[in-house]
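The values are calculated or read from the model by the stated rules, or taken from the named source; none is laboratory data. This is a predicted model, so every value here is computed, not measured. Glycine gets a Cβ as well: all are built from the backbone with ideal geometry, and neighbour counts include every protein chain shown.
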Amino acid sequence: MLTKRIIPCLDVKDGRVVKGVNFVNLRDAGDPVELAALYDREGADELVFLDISASVEGRATMVEVVRQTAGEITIPFTVGGGISSVDDMKRLLRAGADKIGINTAAVKNPQLISDGARRFGSQCIVVAIDAKYNPEMGEWEVYTHGGRTPSGIKALEWAREAERLGAGEILLTSMDADGTKDGFDIPLTRAVSESVSIPVIASGGAGKADDFYKVFTEGKADAGLAASIFHYKEISIDEVKRDLRAKGVEVR
Amino acid sequence: MIAIIDYGMGNLHSVSKAVERLGYEAVVTSDKGTIAAADGAILPGVGAFGDAMDNLRAAGLVEPVKDYASSGKPLLGICLGMQLLFSESEEHGLHQGLDLLPGRVVRLNGQGKIPHMGWNRLTFHQPSPVLEGLEEGHVYFVHSFKALPEEPRDLLASTDYHEQVAAIVGRDNVYGMQFHPEKSGALGMQLLRRFLELTK
């Protein structure tokens, strides 16, 4: 049977890894290619690069980071951030990325999901959803532009629509949990996992090994993603996996 | 020199880099002469079976690949490249394969999510040079169809995904891996190394 996956996420700006706490404060945590190779050796099952460069030069740098990383690591990796066309996808896939994450562009133009899936296969297309609980909606709302813009769209509906259009996976970030280290957002993750039949990667809030156990069991996630706790060595991937194995969850 | 056969199906960069990291020269090529002269050949592939065979035919590579296999030099099909080694496939209609291994390619039974994507554990079935000295472990799969080798002896390793799925097949000098050894961590690299050692 498939194992549950542990995925470190590297936020990359102009070729350097940074991590925002609640999407605002940035700290520099190193060279993306080196860090990717390190996570590969430490047992990461996949990697995600999120390109937060704002400039054309920054995005061009990302293609080079992808090319170098593909030559260094032996696990699959996803690249997301600022991808808004099939040509953008092609450039990154050619450089060696295995999957492409799309977020704001998919909300603006859902056909990008189906175009990408038809061209490269569903397994290449990861739809990233940033969601925040909206009491007036009585549900989670999708945010775009790196969590700055509320879209008015309900997260569960959007997840189902993304699957229908051909997404191969959902990368679900809870904006309420992100940066808190109090654990993943279990109600949100579970609700989305139960709404779709494609794999869901839970993101936001991981602080300790048991948080992964909870999101895989109670949250029904297929993979758990974290950034700062791995970057700042608060916990290792190996510790997370040992804890999961001890609790009967199959990991690599 | 290892020829990575380029017929327009998928990204060959990762396979080529993995071969180089293991200390072998890799050449991504669609040139018949270069393929024939290689010490080993790898047939990668991502996409649909019918398109892949059409591309191989359009590139005039069907006979060169078959000739390569009958030369006795090691040939490895990866993912869709493994499926192409078989006689035929049911993916979107019936398509003829390279017929280097007897058997058919059929859709996964659908008890699990399709595609079968992620890390799954190998079970070894019989001794083979590509498995020598290695321990069973997890490798990375992405596929929706599976090969059914006609001859049980051609099935070297399988994985369990709500059904038995052929993971490594092989006969004489022809091998196939359904998963991506270049994306499968240390075990993937060891399996690739075992194959490459056969080219020496």
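Within the stretch B:62-89, residues that are touching a residue at least 24 places away in the same chain (Cβ under 8 Å) and surrounded by 23 or more Cβ atoms within 10 Å (Cβ to Cβ) sit with their Cβ atoms under 9 Å from residues that are of a type in the set (Ser, Thr, Tyr) and part of a helix (DSSP H, G or I), at 6+ positions apart or across chains, in these pairs: B:LEU75/B:TYR68. Among the residues making up the stretch B:20-38, a single one is within 11 Å of chain A (Cβ to nearest Cβ) and in contact with a strand residue (DSSP E or B) (Cβ under 8 Å, 6 or more places away or on another chain): B:GLU20. Note on the stretch A:203-252: enclosed helices (runs of 4 or more DSSP H) holding 3 or more residues that are within 16 Å of the chain's Cα centre (by Cα) and surrounded by fewer than 24 Cβ atoms within 10 Å (Cβ to Cβ) are A:228-231.
Checking each residue in the stretch A:99-135 for being within 24 Å of B:GLY118 (Cβ to Cβ), free of Cβ contacts under 8 Å to residues at least 40 places away in the same chain and either of a type in the set (A, V, I, L, M, F, W, C) or touching a strand residue (DSSP E or B) at 6+ places or on another chain (Cβ under 6 Å) (or both) picks out A:ILE100, A:ILE102, A:PHE120.
Within the stretch A:43-63, the residues that satisfy the criterion of being touching a residue at least 60 places away in the same chain (Cβ under 8 Å), buried (at least 21 other Cβ atoms within 10 Å of the Cβ) and either touching a Pro at 6+ places or on another chain (Cβ under 7 Å) or facing chain B (nearest Cβ under 9 Å) (or both) are A:ALA44, A:ASP45, A:GLU46. Against the definition (more than 14 Å from every other protein chain (Cβ to nearest Cβ) and at pLDDT 95 or above), how does B:ASP160 come out, yes or no? Considered against the rule, which asks whether it is more than 14 Å from every other protein chain (Cβ to nearest Cβ) and at pLDDT 95 or above, B:ASP160 comes out as no. The set of residues in the stretch A:64-98 being within 14 Å of chain B (Cβ to nearest Cβ), charged (D, E, K, R), without any contact (Cβ under 8 Å) to a residue 40 or more places away in the chain and farther than 18 Å from A:ASP45 by Cβ consists of A:ARG67, A:LYS90, A:ARG91, A:ARG94. If you go through the stretch A:196-215 and keep only what is within 14 Å of another protein chain (Cβ to nearest Cβ), within 20 Å of A:VAL240 (Cα to Cα) and polar (S, T, N, Q), you end up with nothing. If you check A:ARG164, A:ARG118 for being surrounded by fewer than 16 Cβ atoms within 10 Å (Cβ to Cβ), modelled with pLDDT under 95 and not in a loop (DSSP other than H, G, I, E, B), only one passes: A:ARG118. Selection of the stretch B:179-200 for residues being part of a loop (DSSP other than H, G, I, E, B) and buried (at least 22 other Cβ atoms within 10 Å of the Cβ) yields B:PHE179, B:HIS180, B:SER184.
Being among the hydrophobic types (A, V, I, L, M, F, W, C), at pLDDT 95 or above, buried (at least 19 other Cβ atoms within 10 Å of the Cβ) and in a helix (DSSP H, G or I) is the requirement here; does A:ALA159 meet it? Criteria met by A:ALA159.
A single member of A:ASP40, A:ASP31 is of a type outside the set (Lys, Arg), within 11 Å of chain B (Cβ to nearest Cβ) and either surrounded by fewer than 24 Cβ atoms within 10 Å (Cβ to Cβ) or in contact (Cβ under 8 Å) with a residue 60 or more places away in the chain (or both), and it is A:ASP40.
Between B:GLY110, B:GLY133, the distinction of being of a type outside the set (Ser, Thr, Tyr), at pLDDT 95 or above and part of a loop (DSSP other than H, G, I, E, B) belongs to B:GLY133 only. Within the stretch B:36-50, residues that are closer than 17 Å to B:LEU85 by Cβ sit with their Cβ atoms under 6 Å from residues that are in a strand (DSSP E or B) and not hydrophobic (A, V, I, L, M, F, W, C), at 6+ positions apart or across chains, in these pairs: B:LEU43/B:GLY77; B:PHE49/B:SER89; B:PHE49/B:HIS95; B:GLY50/B:HIS95. Return the only residue of A:SER228, A:SER193 being within 14 Å of another protein chain (Cβ to nearest Cβ) and either touching a Gly at 6+ places or on another chain (Cβ under 7 Å) or more than 30 Å from B:GLY110 (Cα to Cα) (or both). Only one candidate passes the filter, namely A:SER193. Counting just the residues of the stretch B:142-157 that are surrounded by 18 or more Cβ atoms within 10 Å (Cβ to Cβ) and either within 13 Å of another protein chain (Cβ to nearest Cβ) or in contact with a Pro (Cβ under 9 Å, 6 or more places away or on another chain) (or both), which one comes out nearest to A:GLU169 (Cα to Cα)? The extreme case among them is B:VAL142.
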